[in-house]
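Worksheet: the structure to be examined is printed underneath.
The values are calculated or read from the model by the stated rules, or taken from the named source; none is laboratory data. Treat the numbers as computed from the prediction; the structure is a model and nothing was measured. We place every Cβ from the backbone using ideal geometry, glycine too, and count neighbours over all the protein chains shown. Keep in mind that these areas ignore ligands, DNA and RNA; they rest on the heavy atoms of the full protein, side chains included. Shrake-Rupley method; radii C 1.70, N 1.55, O 1.52, S 1.80 Å.
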Amino acid sequence: MRERQASQDARRAREFEAFVAGAAGRLLHTATLLTAEAPNANPRARRLLTLALARTYASWDRLRGEDPYDRTRACLAVRFAHHSWHRYGALGRARPHPAGTLAELTPQERLVVVLRLYEGVGEEQTAALLGLPTERVHALCDRATATLLHPPRPPAPAVTGAEMAAS
């Protein structure tokens with residue numbers, strides 16, 4: 001009995017290691033986009049990915065034909081959403097200003113953009129995963145895309161009277 005259990009554990013470990021070897025890079029990139037950290041300095045993304053992979057490994061035997069990548073991505077998204085909600089509030093107020101590409105977006109907008117545009121998850125699936133209406137997901141994606149394509153301009157520097165007299 002112990003030999004059989006040891007054999008199953010070894011098989012499980014090999015399968016999971018093969019999955020991680022193939023998917024970890026893309027999943028880390030997804031986590032880095034979610035946290036809006038720089039790709040070379042992403043401790044929050046690494047922690048988020050580690051927690052998602054640990055959860056996937058814990059349920060590895062119960063996947064039964066389900067894609068482990070989809071399961072891990074869903075866990076990553078839900079963990080990020082939960083953490084952002086509890087840490088920064090629903091609208092992401094008082095959040096830090098990370099240096100990543102998607103830093104101008106709120107956490108919820110980042111989550112929708114990463115799932116929809118980077119990962120290619122459908123609107124209905126994204127809505128079901130996040131517990132939002134499909135229309136809300138569509139609106140968030142549109143607003144985030146507009147923000148990325150047309151970033152807000154910084155305020156123009158004030159012109160003083162001395163500068164105007166000099167010109």
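For region 119-129, check the following and say yes or no: at least one residue is charged (D, E, K, R), modelled with pLDDT of 75 or more and not in a helix (DSSP H, G or I). If you could, list the steps in order and put the result at the bottom.
Just the residues of region 119-129 that are charged (D, E, K, R), to begin with: 119, 123-124.
Okay, now just the ones that are also modelled with pLDDT of 75 or more, so 119, 123-124.
Checking which are not in a helix (DSSP H, G or I) leaves us with 119.
Yes, some residue in region 119-129 is charged (D, E, K, R), modelled with pLDDT of 75 or more and not in a helix (DSSP H, G or I).
Answer yes or no as to whether R79 is of a type in the set (K, R), within 19 Å of A45 (Cβ to Cβ), modelled with pLDDT under 90 and within 20 Å of the chain's Cα centre (by Cα).
no
Provide a single number: the residues in region 57-82 that are open to solvent by less than 40 Å² (accessible area, probe 1.4 Å) and assigned to a loop (DSSP other than H, G, I, E, B).
Looking only at that region, the number is 2.
When both residues are 6+ apart or on different chains and their Cβ atoms are under 6 Å apart, which pairs have a first residue that lies in region 107-124 and is within 18 Å of A23 (Cα to Cα) and surrounded by fewer than 24 Cβ atoms within 10 Å (Cβ to Cβ), and a second that is hydrophobic (A, V, I, L, M, F, W, C) and modelled with pLDDT of 95 or more?
Once the first residue is within 18 Å of A23 (Cα to Cα) and surrounded by fewer than 24 Cβ atoms within 10 Å (Cβ to Cβ) and sits in region 107-124, its partners that are hydrophobic (A, V, I, L, M, F, W, C) and modelled with pLDDT of 95 or more give V121/L115.
Yes or no: region 19-31 includes at least one residue that is at pLDDT 90 or above, touching a Pro at 6+ places or on another chain (Cβ under 8 Å), assigned to a helix (DSSP H, G or I) and farther than 26 Å from W85 by Cα.
yes
Just wondering, is there one or more residues in region 20-40 that are open to solvent by 20 Å² or more (accessible area, probe 1.4 Å), among the polar types (S, T, N, Q) and at negative phi?
Yes.
Where the second residue is among the β-branched types (V, I, T) and the first is in contact (Cβ under 8 Å) with a residue 60 or more places away in the chain and lies in region 7-32, which pairs have Cβ atoms under 9 Å and are six or more apart or on separate chains?
Final answer for the pair search is T30/V114.
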